[in-house]
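The values are calculated or read from the model by the stated rules, or taken from the named source; none is laboratory data. Fair warning: this is a prediction, and the values are worked out from it, not measured in the lab. Positions of Cβ are generated from backbone atoms using ideal geometry, with glycine treated the same way; all protein chains shown enter the neighbour counts. Accessible surface areas use protein heavy atoms only, side chains included; no ligands, DNA or RNA. Shrake-Rupley method; radii C 1.70, N 1.55, O 1.52, S 1.80 Å.
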Amino acid sequence: MTNFLARTATPDLVNLRHDLHRRPELSDEEGETAKRIAEELEKHGPDEIIKGLGTHGVAAVYDSGAEGPTVLFRCELDGLPITEISTFGWRSEIDGKGHLCGHDGHMAIVCGLAAELAAKKPARGRVVLLFQPAEETGTGAAGVIADPRFERIRPDFAFALHNLPGLPLGAVGVRPGPFTFASEGLAIRLTGRTSHAAQPEAGVSPAAVTVRLMEALPELPETLGHQPGHSLVTLSHARLGEAAFGISPGEAHVWVTIRAIDDKLQAELIGEAENLARRLAEAGGLGIALERHENFAAGHNDQDAVGHIEAAAEALGAPRVEVDDPFRWSEDFGRFGGVAKTALFVLGSGDDHPRLHNPDFDFPDELIGPGVAMFEHIVRDLCGGQTAG
Ligand SMILES: [Zn+2]
Ligand SMILES: [Zn+2]
């Protein structure tokens, strides 16, 4: 169809991807991965390497020395606490941990871009290659941005890609505007008083309130009149009392994940969920504790930045997929929208490929070459240095 997928990666890059795959590390524990990446980057002679951004973030800077934009490319260092079930030679060597989101592949792509930049520096502005920690928990981007040294690499544009199973291999999907949902976990703990199961009236059971919350919270977007498809509350965990027949329960936990198309709607929805839980708890004579976890900002694609992705896809003959609606999953990359013109695009991993976070997922090596080509085209578009192609 096109020669887009014929852009194969060097054996070095594929080996790097497999090495990273063998040694996955969890969010904020990516010390060894960061070290391996810094060594790899040293080979490609950047003007500066900044280590320890946030926690384990690594940035390589290629500076033309001439006026121009600072353009950042972001990839992720972390794996997942999931046991991999694949049997190929580069399967995870660490029990209970796996690179099952493809961050190993994203890192290989950005290292491939480093090699291209070493071969031909940008002609204007600066290129920053950022390997960010803790994407999966939603804390890494904020940590990198809060690091005082981030000022030295503060970008005008920031780009990232994520591989996506369920789309044709190598297909590029992007749209301006909302692209990925905001997301946050809400943990609700209800406390009453235990009693003998023969005398439930002598205690305060959270059972009825728990059931009402489990029904009412997922219906909240509709109750509040949100536009269909713009927000979502998913029940993710619930527990009532202890597994015992003799006790009327005195405690319950209800966890929900709350998602919305933009940060404003998200803030409204989570506030309403907390109010609902408080009201029901009070009416039921229960104590309540609320905790928020894993906050991801919504990802908003800047029109200008998307233009550079579209131009790259067009020039390289990449197959395209329409993205009609924003994705309901979240990406920590959304946080960079507060500091730069950002755009994230998806790169298809194959229609029938195991899904992200599945135990048999593996990043398709065929995407490394096309991924490098997309990023390099964007560099040449914004910072010159070589005819793109
Ligand atoms: Zn993931
Ligand atoms: Zn991911």
Filter region 76-109 down to the residues that are within 16 Å of ligand 2 (Cβ to nearest atom), open to solvent by 10 Å² or more (accessible area, probe 1.4 Å) and either free of Cβ contacts under 8 Å to residues at least 24 places away in the same chain or of a type in the set (Val, Ile, Thr) (or both) and list them by number. Ile82
Count - residues of region 272-284 that are open to solvent by 20 Å² or more (accessible area, probe 1.4 Å) and small (Gly, Ala, Ser): 2
Residues of region 193-217 satisfying the condition of being charged (D, E, K, R) and assigned to a helix (DSSP H, G or I): Glu201, Arg212, Glu215
Restricting to region 143-171, and then to whatever is β-branched (Val, Ile, Thr) and closer than 19 Å to His300 by Cβ, can you tell me which residue is most open to solvent (accessible area, probe 1.4 Å)? Ile145
Which one of these is over 22 Å from the mean Cα position of the chain (by Cα) and either over 29 Å from Glu93 (Cα atoms) or of a type outside the set (Ser, Thr, Tyr) (or both): Lys43, Lys51? Lys43
Count - residues of region 322-370 that are closer than 25 Å to Phe150 by Cβ and in a loop (DSSP other than H, G, I, E, B): 4
Report whether or not Ala108 is modelled with pLDDT of 95 or more and within 14 Å of ligand 1 (Cβ to nearest atom). no
Restricting to region 343-355, and then to whatever is open to solvent by 10 Å² or more (accessible area, probe 1.4 Å) and in contact with a Phe, Trp or Tyr (Cβ under 8 Å, 6 or more places away or on another chain), can you tell me which residue is farthest from Gly143 (Cα to Cα)? His353
When residues of region 110-142 are limited to those that are open to solvent by 30 Å² or more (accessible area, probe 1.4 Å) and assigned to a helix (DSSP H, G or I), the one farthest from ligand 2 (Cβ to nearest atom): Ala119
Output the number of residues of region 250-264 satisfying the condition of being touching a helix residue (DSSP H, G or I) at 6+ places or on another chain (Cβ under 9 Å) and either of a type in the set (Ser, Thr, Tyr) or open to solvent by 20 Å² or more (accessible area, probe 1.4 Å) (or both). 3
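Within region 371-389, restricting attention to residues that are of a type outside the set (Gly, Ala, Ser) and not in a helix (DSSP H, G or I), which residue is surrounded by the most Cβ atoms within 10 Å (Cβ to Cβ)?
Gln386
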Could you count how many residues in region 304-321 are farther than 23 Å from Ala142 by Cα and within 21 Å of the chain's Cα centre (by Cα)? 2
Across (1) within 16 Å of ligand 2 (Cβ to nearest atom); (2) outside any helix (DSSP H, G or I); (3) among the aliphatic types (A, V, I, L, M), Leu169 clears everything bar (1)
